[in-house]
Each structure stands twice: as C-alpha cells, then as structure tokens.
Amino acid sequence: SEEWTQSKGIAGQSEWSEYFPDCGGSSQSPVDVITTQTKYDPSLVPVTPLGYSQHGNQPFSMHNNGHTVIVELPEWMGLGGLPWFFTAVQLHLHWGNGAPGRGGSEHTINGRSSDAELHVVHYNAELYPNMSAAMTQRDGLAVLGILIETGDETNPGFNNILNYMSRIRHSDQRAFIPAFDVQSLLPKDLGRYYRYNGSLTTPPCYQSVIWTMFHERVQISKAQLLKMEMMLYSSKIQEADRMLLQDNFRITQPLNHRVIFASFS
Ligand code: SG4
Ligand code: ZN
C-alpha cells in the first residue's frame, strides 16, 4: 500500500484520504470527548479482560513498524462485556515529542490531551474468522483506549514493554520479551468509560472500531515516557539519516452525526 506518515503533521494527515478514501469518512477516530455532550447509557456494563493475566511462558513478539511499537498478544486473550466475544490481537502506543504543549494522546477529553495513549486491539471472533476479515466490517473491531499521564512514580506494568524498547529502536526491528500480565497496563476502574463507533486512527482508516475510552487514566514516570520518545522512524540501513518516531497520533476528527455514550453519570 502507499506510504503514509504522521510526521508531516496536520498537512500530511489531510492527504491520507487521497490514497485511503475511508480516511475522509464521517465516522473517523480519534475524537474529542466533550463530557457534557455524552449520553449516559445504563446498559453499558464493565468491559471484562479475559485471559489477560494468563500469559503463559511463551515470550511475546514486539516490533517497531515505523509508526508505533506493537506487542502481539496470544489468541486466548479476549474481551467480554460487549455484544460479541472479541479476540485480542495486539497492543501499541501513541506518544508526543517531549516538548511542553500538546501531549501525544489521540483522544482528548474536553479539549485536553494526555501525554500518551495505549490501544489494545481485538477482533469480533463470533462474526469473523480473523483480523483481516473483521477489520473492514462495521462491528469488526473493539479497541480499548487508555490515556496515559506522566508523574513521579514508575509504573511497573509498563516496564514489561518499555524496558525492552531500546532493542527495537529502529524501524523493522523485532524482539521477544518475557510474557507478562497485560491487565497490569489497564486502569483499575473498568466500569467507567466512553463508548462510540469510530475508525482505525491510521490508514486505511476503516470505520470498523467499537471504541472504549476509559475514564480513569494510568500514570507512568517521565523517564518511562522518554523511552517511547527515543524510538526511531528510520531503519538500521538509514543510520546516516536518523529520524525520531514522535508525534505518532492523529488529530481529533469531527463527531458529525455520532453520539458518545458514557457508562456512568
Ligand atoms: C498503528 O499504526 C498500528 O501499527 C497498526 O497495527 C494499527 O492497525 C493502527 O495503529 C490503527 O490502530 O488502534 N490506532 S488504532 O486505530 O490494528 C491495526 C498494524 O498495522 C489494524 C498491525
Ligand atoms: Zn492506536
């Protein structure tokens, strides 16, 4: 597929729809959650991570794809609390550039960004045979979004990923990391969240994602955030022209006809 980048900022992102028409659709992600305009839906039960803590002994594969760092998840991990069972596929992160100002989260709440954002991607295993079949369908994917803030304390759960990121600093590098409890990356309160229908936040921007954005943010240290900001967009053979992989977030998209539901009032 065509090359695309976030690094040209807003200008680059507005060109995505030339090659990926869905990126110009009317149900795109991320969005700004304006809390006073959300609609309380009492039917929204807590999401339930299934098998997230049963990580087993097989190492997880982690790689730098030039856009983010991806950790592949075993197929027995999944998500309950939605109308269908969703199988976990991978998790990845979005971050900024370390400068004061806008953080690197994709979703914002009442116009405010967070420093980074974790996404755990799942596909609808009741309706579709695999990720590629599901990713083009309206109810195909479920992504959990966790807003990340920096503070003074180290988050030991995130060290399961961050401590190994220097091994895959360059684009296309891969490493095997010890299996870990994926639930340790999530906020404690899985009952309070925002829910809306949106898209992949990168090309091809398929409008196939049931988004769950948790109300509770998780905290990591400044030193931990720095490990994300050290990643490279360039590959090993481009050593002479190193490029930092930073600001790998998409700007917020118009809500249009959509309503964002809240599981709490
Ligand atoms: C990142 O670019 C990942 O590299 C992609 O994963 C991911 O696409 C994409 O973000 C969009 O996901 O949760 N931010 S998002 O909407 O998971 C998919 C891969 O390319 C399909 C494997
Ligand atoms: Zn993402």
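Going residue by residue through segment 160-174, is there one that turns out to be β-branched (Val, Ile, Thr), within 16 Å of ligand 2 (Cβ to nearest atom) and open to solvent by 30 Å² or more (accessible area, probe 1.4 Å)?
We begin by selecting, within segment 160-174, every residue β-branched (Val, Ile, Thr); these are 161, 168.
From what's left, within 16 Å of ligand 2 (Cβ to nearest atom): 161.
If we keep only those that are open to solvent by 30 Å² or more (accessible area, probe 1.4 Å) as well, we get none.
No, segment 160-174 has no match at all.
Quick one: would you say THR48 is surrounded by 19 or more Cβ atoms within 10 Å (Cβ to Cβ), within 19 Å of VAL209 (Cα to Cα) and β-branched (Val, Ile, Thr)?
So THR48 does not fit the description; no.
In contact with a Phe, Trp or Tyr (Cβ under 7 Å, 6 or more places away or on another chain) and β-branched (Val, Ile, Thr): is that true of VAL89 in this structure?
Yes; evaluated as a whole, the condition is true for this residue.
Which of the residues that make up segment 212-265 are more than 20 Å from the chain's Cα centre (by Cα) and among the aromatic types (Phe, Trp, Tyr)?
Of everything in segment 212-265, just one residue is more than 20 Å from the chain's Cα centre (by Cα) and among the aromatic types (Phe, Trp, Tyr), namely PHE264.
For segment 129-146, state whether one or more residues are more than 21 Å from PHE85 (Cα to Cα), touching a residue at least 12 places away in the same chain (Cβ under 8 Å) and crowded, with 16+ Cβ neighbours inside 10 Å.
Within segment 129-146, not a single residue is more than 21 Å from PHE85 (Cα to Cα), touching a residue at least 12 places away in the same chain (Cβ under 8 Å) and crowded, with 16+ Cβ neighbours inside 10 Å.
Does ILE34 count as out of contact with any strand residue (DSSP E or B) (no Cβ under 7 Å at 6 or more places or on another chain), among the hydrophobic types (A, V, I, L, M, F, W, C), closer than 20 Å to GLY145 by Cβ and surrounded by 13 or more Cβ atoms within 10 Å (Cβ to Cβ)?
Criteria met by ILE34.
Return the pair list, or none, for Cβ contacts closer than 6 Å from residues in segment 188-211 that are buried (at least 19 other Cβ atoms within 10 Å of the Cβ) to residues that are modelled with pLDDT under 95 and part of a loop (DSSP other than H, G, I, E, B), at least 6 apart or on different chains.
Short answer, once both residue conditions are applied: PRO203/TRP4.
Do you know which residues across segment 147-158 are touching a helix residue (DSSP H, G or I) at 6+ places or on another chain (Cβ under 9 Å) and open to solvent by 40 Å² or more (accessible area, probe 1.4 Å)?
ASP152, THR154, PRO156 - these are the residues of segment 147-158 that are touching a helix residue (DSSP H, G or I) at 6+ places or on another chain (Cβ under 9 Å) and open to solvent by 40 Å² or more (accessible area, probe 1.4 Å).
Report the residue count in segment 140-157 for those that are away from ligand 2 (no atom under 16 Å from the Cβ) and either within 20 Å of THR202 (Cβ to Cβ) or not in a loop (DSSP other than H, G, I, E, B) (or both).
Filtering segment 140-157 down to residues away from ligand 2 (no atom under 16 Å from the Cβ) leaves 149-157.
In the following step, the residues that additionally are either within 20 Å of THR202 (Cβ to Cβ) or not in a loop (DSSP other than H, G, I, E, B) (or both) were identified as 149-151, 156-157.
Number satisfying all stated conditions: 5.
The values are calculated or read from the model by the stated rules, or taken from the named source; none is laboratory data. The model shown is predicted, which means the values in this text are computed figures rather than measured ones. Please note: Cβ atoms are built from the backbone with ideal geometry, for glycine as well, and neighbour counts cover all protein chains shown. To get the accessible areas, we keep the full protein, side chains included, count just its heavy atoms, and leave off ligands, DNA and RNA. Shrake-Rupley method; radii C 1.70, N 1.55, O 1.52, S 1.80 Å.
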